[in-house]
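Below is one structure, written out as structure tokens; comments come after it.
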Amino acid sequence: MKFQGTSSYIATQDLMLAVNAAITLKRPLLVKGEPGTGKTMLAEEVAQALNMPLLQWHIKSTTKAQQGLYEYDAVSRLRDSQLADVDGGERVKDIHNYIVKGVLWQAFTAEEPVALLIDEIDKADIEFPNDLLREIDRMEFYCYETREWVRAKNRPLVFITSNNEKELPDAFLRRCFFHYIKFPDAATMQQIVDVHFPGLKSELLAAAMKTFFDVRGLPGLKKKPSTSELLDWLKLLLAEDISAEALQTKDDKVAVPPLVGALLKNEQDVSLFEKLVFMQSRNR
Ligand SMILES: Nc1ncnc2c1ncn2[C@@H]1O[C@H](COP(=O)(O)OP(=O)(O)O)[C@@H](O)[C@H]1O
Ligand SMILES: [Mg+2]
């Protein structure tokens, strides 16, 4: 089992190395990086490349670790017990019918090896990663309601992503292989764009890339645009049939790009950019 990138996902050498290291170590791969740098997509692509089904668990601020294991649906059982004469009361006798299996349970009991994505773990509260230590380490947990151990038949390939909104506990980090997806350099970005827009006119691409990296390089931005924003913007430029010339001023100075709302997502950043353009025009 080796991951070598796919035709729709550009993986740098060190990212491939990290994926394969996590596979070898049989540890979760913890992927950090700016939003929009392809963390979620990595899990999808690796699963596809290695021909494994992918189970996804998208974490919210209210998500509890227990939900990934199982939940006991006591309300349904109570209701069914009150209606017991209707279906003969068979269903209600077996507590297994009221255990709702979470993604970890499903991953552990799958017949074939699966990939498991725990997406945006930093959204959850601080106890969440600690609550999953044993499950991730030993690949087993106990179900109190049915009095059974749920143990992994095959160790799932685990991806954990984080946008770095919270620090993760040391005990948790110790159990993972870590990789930070650096923001792509211009050459890598070019490859990513090629994957999404094959046959894009080279003048437009060059002008758009220059504008994009100019915008990103602006000191003091609150939210730098990332890969997914560049792709959105290019899509719009193509849809609106905007030419390369419209993105450049003749003397190669920065101009406010058309459809800037795809790149800059708050008013302070837009006005910062406008100020820069204004100052340049005065210095001309
Ligand atoms: N290396 C890459 N190769 C191809 N597309 C990419 C790559 N990185 C990012 N993208 C594009 O950016 C979008 C956002 O990626 P996503 O995985 O959702 O980012 P994240 O989870 O890091 O916020 C993807 O849908 C994809 O279109
Ligand atoms: Mg994501």
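Please treat every number below as a calculation from the coordinates, not as lab data. Only a predicted model underlies this, so the values are computations on that prediction, with no experimental measurement involved. Because the Cβ atoms are built from the backbone with ideal geometry, glycine has one as well, and the counts that use them run over all protein chains shown.
Side notes on the structure shown:
- Rounded to 5, the percent of DSSP beta bridges in the chain classed as antiparallel: 30
- Taking 20 Å as the straight-line reach from the Cα of K39, the aspartates and glutamates in range (excluding those fewer than 8 positions away in the same chain) are D14, D119, E120, D122, E165, E167, D185, D194, E229, D232.
- Amide proton proximity set for L259, modelled H, under 5 Å, gap of 5+: none
- If you run the Gaussian network model on the chain, springs between alpha carbon atoms under 10 Å, then out of V92, V158, V150 the most flexible one is V92.
- Cross-link pairs beyond the 21 Å C-alpha cut-off, checked among K32/K153; K64/K153; K26/K60; K201/K222; K182/K224; K64/K166: K32/K153; K64/K153; K26/K60; K201/K222
- Between D131 and L78, the FRET efficiency estimated from the beta carbon spacing at R0 = 22 angstrom works out to 0.20.
- With the cut-off at under 11 Å, measuring from each backbone N in segment 254-276 to a point 7 Å along the Cα-to-Cβ line of R282 picks out 275-276.
- Using a Förster distance of 51 Å, the FRET efficiency for L259-N97 (Cβ separation, nearest 0.05): 0.45
- Given charges at Cβ of Lys, Arg, Asp, Glu: segment 128-284 dipole, positive-most of N163, S226, L259: N163
- Order by protection proxy (mean Cβ within 10 Å, highest first), peptides 111-121, 236-246: 111-121, 236-246
- Spatially proximal aspartates and glutamates relative to K275 (Cα-Cα < 19 Å; intrachain offsets below 8 disregarded): D214, D251, D252, E267
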